[in-house]
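The values are calculated or read from the model by the stated rules, or taken from the named source; none is laboratory data. Model, not experiment: these values are computed from the prediction. Here Cβ is always computed from backbone atoms with ideal geometry, including for glycine, and neighbour counts include all displayed protein chains. Remember, those area values only see protein heavy atoms, side chains included, never the ligands or the DNA or RNA. Shrake-Rupley method; radii C 1.70, N 1.55, O 1.52, S 1.80 Å.
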Amino acid sequence: MIDKSKLKDYANKLMFDMEDSEYETLQEEFEVILKQMDLIGKIPNISEVEPMTFPYKNEDVNLREDEVKDYLTVGEVLDNTKYQVNDQVKVPKVVE
Amino acid sequence: MYKVVIGLEVHCELETKSKNFSSAPNQFTKIPNINVGTVDLGLPGILPVANKEAVKKALFTSMALNCKLPDEIIFDRKNYYYADLPKGYQITQNTKPVGVGGYLDVLVNGEVKRITLHDVHLEEDTASLEHHPNYSLIDYNRSGIPLLEIVSDPCIESADEAVRYLEDLRDLFLYLGVSEAKSNYGQMRCDVNISLMKETDTELGTKVEMKNINAFNNVRAAIEYEIKRQSELLDKGEKVVQETRRIAEDGKTYSMREKVDAVDYKYFVEPNIPSTPVTDELLKELKDNLPELKLSRYQKYIDLGLSEEDASTLSKDRKVSDYFERVIEKSDVNTTVNFMTTSILSTLNKLEISIDELFITSDMLSGVVDLVSKGDISLDHGKKILYQAIDESKDPNELIKKAGLHQINDEEELLELIKSIMDENSEVVRQYVEDGNMSAINFFIGQTMKKSNRQANPNKSKEIIAKELERRKNDGK
Amino acid sequence: MYRGKSITELREVLDSEEVTSEELFEDAKKLANYFQEDYNSFVTIMDDYKIKRRSDSFIKGIPYALKDNFSTNGILTTSSSNILKDYVPVYDATIYKKLRKAGGVLVGKTVLDELAMGGTGTTAHTGVVKNPWDMMRMTGGSSAGSAAAVALGIVPFSIGSDTGDSIRKPASFCGVVGYKPTYGLISRYGLFAFASSLDHVGVLSRNVKDSAIVTDIIKGKDINDMVTINYDKNLVDSLDNDIKGKKLFYIKEICDKSQYIDKNTLKVLDDFYKLLDKCRELGFIVEEVSIDKALLEAVYPTYMTISCAEATSNNSNLTGIQFGPRGEGNSVEEIMFDARTKGFSELIKRRFVLGSYILQKENQEKLFLNACRVRRLIVDKINELFKDYDGMILPASGGGAPTFKESSEKLSSKYLLLENHLAIGNFGGFPSITIPFTFSDEMPVGVNITGRVKDDDLVLNMANKIESITGYKDIYSKVGDIDV
């Protein structure tokens, strides 16, 4: 079983935390999914299959022509935050 | 003495009209948040749409850097959280970069050094942060600008090599027309990885990383400082700490943070950008447009007999070099070099224009060079005419024709003119003959030029004047 | 008076000027508000009637509902999550733009499972969506409100999104048609991404023809979504094509009654086999095929693995910095941490941790890439069958909607193949449609027809024919004592 402190570390790296009891549920879910994935690993010759990312081979793909088209006004860029100074989004000081 | 091992990761913003994955403008500006699309802001529901021109320029650069090119274009996501990364991931290339391997040959102190590359990949720039004492501000203009990252192997051994490599890379970007590569606009930046090892060591020493250095002289300063700092540590038997440092204005480097465990970026293939094939057609198009590169031109010029300095000057900028080559196709090399390295380049500097904005075409220059090299006009004269032509935006060859400014080379014609001048200035002749006043020669050259409307060949005139004065001296005896 | 009417019926009464589109909107709005307290289909019900007047589209003046994970400029769009509870987009999803341009009239934005990551309709920040046929039961999800709004007869059609079965499962549970076209047929620009390689936009309606009508309007290449395709075939025109000799298969390992004991499931399967017989009478050739059970059992974990992994990344923009509620704290990390801790429900967080674990360097090969490999094996197998067959037919679920007591989003090792095969349609991007075909325990159950990529015309054609023999075309729940 995956250690709770590890799960907490993973959650924290995703920038959130959970309640203790929630980590316990998660532990159980990990058991389930890992067991199922173990079974998948046992499918014969699985490692020789090329992983699939796109549902089918799309022959109709075009890269975009390099033209300026739609973009936002400064107002729209800042529309969803009230934390703004000089037309920029304000955040606590970023220490580099 | 330690062996220095440096690897450089160079980031270069590609010059395109729109961003890498959105149709917002890719343009440097100091006005915040005016070049931002929904994609660049990472709004819910956005999808990246890859820019054809950025992909082409990336492949073109890889080709020029002798990389192995991929059979298809795909991108990957690099996942991490940071204030300047609105989507929470950067679209980059991990599985199949636009270039693998490859190299750039650079000239360091007269020797060719081959800088080998790990890979070249196309990605997107982040937003920029402006730091204030108590807060930071985010400007998304830079977010999504196409960025080419060129990762070298750890094969660079000195600050000289590093800076030379950077300069040559910048010249390459300009040669290829893929980027303006202005480091003061942050269009070219680099991360430096440096470690020291004993000559006898088989494993690399502990690596120190310095991120996002813009100016090349800061790269030099940072490397030189680190070599000194790390040498002193090792001399004392102390350990170099694996960490990220930054270069400060005093030219010293300071620790920013120690490396904890390596960040896991959880790369996976970007599912919103289906693979597009790199076709033979495209490869041919790129190959056909690939120019002869700087080093090759430099070596060609050396073979033509140019000095190292001239060869370097004339090969540095592709347009200047192309212009130069068009002139020497028809005209004398040495005379052309003389015109190029003086009149032409100084004019470009003075007017702050590029050579294709210059009124004087390569054909015009070729005409002037021919007149000079045949001795029809003097070099000085040629240059004067050239400056006049630039001032007046006129063809110098027309000016020469109009003013009848062909040089008088006929010795008899010159002698006749000189004799008449001497006859009119017998006192000066006397001073030479009797007092041995040598300045008389210069006086007569001046007069000859004046009377001939500066058409007399000055060298020939000088010869004839000297002979005629000697003759008169001997006659007088 | 117009409640429960189809698009075609409404077109007629609009064209004859028996009613105006504004009146239809007001009726729909009234119904939406009337049912809101009991059924909770909507996050937002529009106040004002708005229409693009210059349109000659078939849906001009027809009211519809949009799932609340499509970006609508100036209209609250929450994805049913606290982390977006006040988010008002500044741009339009392509689908919304197209519907508005055609003259469709938006009635409201419908509730979904938080961030579309769920299959119950119980995890929205505004509460549980209730099944129009029985308030004690769930609708299924994640397009819960979109299914309920159609099943209540409020609107003739609604727009949903489908990553695993998020249109087709709630359609089954709510007794409506749910259609997920070929991947790329409809633009996803403006759809809040769940798992990009599996995300589809689709339609819910009360008959196959209405889904075809709407899809003809919203399909096609979009410069803002690279996976979109040109699709010139007209779906409505193909609906009545002759289907004689068309071959369907069903999967033995999923439909074999001997493995089930639940009486509702057995009834569903009995009715399914009866339906197959009727299909044969119509002229279909229907055959049983066998697929390696290990592969079928891999569908659900494969779906979970891929979708959670992509979801973790897709939702990394939800940090409360450039939009969404700002967290508290003294550093950027702290404010992100606070916003995300408060903004996501427990279920979402568990899915994200799972997804992130799957993508970790040391696990990626065994978990993420293996799942992507199984995905290919499954898709290859189905495509191989599609060489001989025109479509796959299966019950969309093994029974009617579960009660709230039975429902859980917790991952469990106990799952039934009958409940979890629809994700195959997402793996391969296959066109896939669910239509109501029976009732079990007084709850509707759907049958699903899935076909070859880009064969949407044939899939809708076959579904249209089958719909004519189910006896459940145009049904809706006639609950409510309201006269509009």
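Consider C:Tyr39 carefully, then state whether it is away from every other protein chain (no Cβ under 14 Å) and touching a Lys or Arg at 6+ places or on another chain (Cβ under 6 Å). Judged against the criteria, C:Tyr39 is a match.
Hey, can you tell me all the residues within region B:71-96 that are open to solvent by less than 20 Å² (accessible area, probe 1.4 Å) and within 21 Å of B:Lys52 (Cβ to Cβ)? Answer for region B:71-96, where residues must be open to solvent by less than 20 Å² (accessible area, probe 1.4 Å) and within 21 Å of B:Lys52 (Cβ to Cβ): B:Ile73, B:Ile74, B:Phe75, B:Asp76, B:Arg77, B:Gln90, B:Ile91, B:Thr92, B:Gln93. Residues in region B:260-307 that are without any contact (Cβ under 8 Å) to a residue 40 or more places away in the chain and among the basic types (Lys, Arg): B:Lys284, B:Arg297, B:Lys300.
Among the helices (runs of 4 or more DSSP H) confined to region C:263-335, the ones with at least 3 residues that are of a type in the set (S, T, N, Q), in contact (Cβ under 8 Å) with a residue 40 or more places away in the chain and open to solvent by less than 10 Å² (accessible area, probe 1.4 Å) are located at C:299-314. Among the residues of region B:81-91, those that are in contact with a strand residue (DSSP E or B) (Cβ under 7 Å, 6 or more places away or on another chain) and more than 7 Å from chain C (Cβ to nearest Cβ) comprise B:Asp84, B:Gln90, B:Ile91.
Looking at B:Leu41, is it in contact with a helix residue (DSSP H, G or I) (Cβ under 9 Å, 6 or more places away or on another chain), at pLDDT 95 or above, under 30 Å from B:Tyr165 (Cβ atoms) and buried (at least 24 other Cβ atoms within 10 Å of the Cβ)? No: the conditions fail for B:Leu41. For region A:68-96, taking the residues that are at the interface with chain C (Cβ under 10 Å from one of its Cβ atoms) and among the acidic types (Asp, Glu), the one that is least open to solvent (accessible area, probe 1.4 Å) is identified as A:Glu76. No other residue among B:Ser158, B:Ser183, B:Ser152, B:Ser143 is within 14 Å of chain A (Cβ to nearest Cβ) and of a type in the set (Ser, Thr, Tyr) apart from B:Ser143.
Flag set for C:Phe173, criterion: aromatic (Phe, Trp, Tyr) and part of a helix (DSSP H, G or I). When region B:1-32 is filtered for residues that are open to solvent by less than 10 Å² (accessible area, probe 1.4 Å) and either basic (Lys, Arg) or over 31 Å from the mean Cα position of the chain (by Cα) (or both), only B:Lys19 remains. All of C:Asp92, C:Asp113 fail the test of being open to solvent by less than 30 Å² (accessible area, probe 1.4 Å) and touching a helix residue (DSSP H, G or I) at 6+ places or on another chain (Cβ under 7 Å), apart from C:Asp113. Within region C:90-109, the residues that satisfy the criterion of being more than 20 Å from B:Asp40 (Cβ to Cβ) and either of a type in the set (Phe, Trp, Tyr) or touching an Asp or Glu at 6+ places or on another chain (Cβ under 6 Å) (or both) are C:Tyr96, C:Lys109.
Across region C:405-462, the qualifying residues are those that are under 22 Å from C:Leu152 (Cβ atoms) and assigned to a loop (DSSP other than H, G, I, E, B), and the one among them that is least open to solvent (accessible area, probe 1.4 Å) is C:Ser407.
Restricting attention to region A:18-33, the residues that are at the interface with chain C (Cβ under 8 Å from one of its Cβ atoms) and open to solvent by less than 40 Å² (accessible area, probe 1.4 Å) add up to 8. Just checking, does region B:155-177 include any residue being closer than 28 Å to B:Gly251 by Cα, in a strand (DSSP E or B) and open to solvent by 10 Å² or more (accessible area, probe 1.4 Å)? No, because not a single residue in region B:155-177 is closer than 28 Å to B:Gly251 by Cα, in a strand (DSSP E or B) and open to solvent by 10 Å² or more (accessible area, probe 1.4 Å). Scoring C:Val227 on the criteria (1) part of a helix (DSSP H, G or I); (2) of a type outside the set (Phe, Trp, Tyr); (3) farther than 30 Å from A:Leu39 by Cα leaves a single failure, condition (1).
Here the helices (runs of 4 or more DSSP H) wholly within region B:389-474 that include at least 1 residues being modelled with pLDDT of 85 or more and more than 30 Å from B:Leu365 (Cβ to Cβ) are B:411-424, B:426-435, B:439-451. The residues of region B:419-439 that are in contact with a Lys or Arg (Cβ under 9 Å, 6 or more places away or on another chain) and under 13 Å from B:Lys467 (Cα atoms), listed by number, are B:Met422, B:Val429, B:Tyr432, B:Val433. Going through region C:336-369 one residue at a time, which ones are within 18 Å of A:Glu29 (Cβ to Cβ), open to solvent by 10 Å² or more (accessible area, probe 1.4 Å) and of a type outside the set (Phe, Trp, Tyr)? Matches in region C:336-369: C:Ser345, C:Glu346, C:Leu347, C:Lys349, C:Arg350, C:Arg351, C:Gln360, C:Asn363, C:Lys366.
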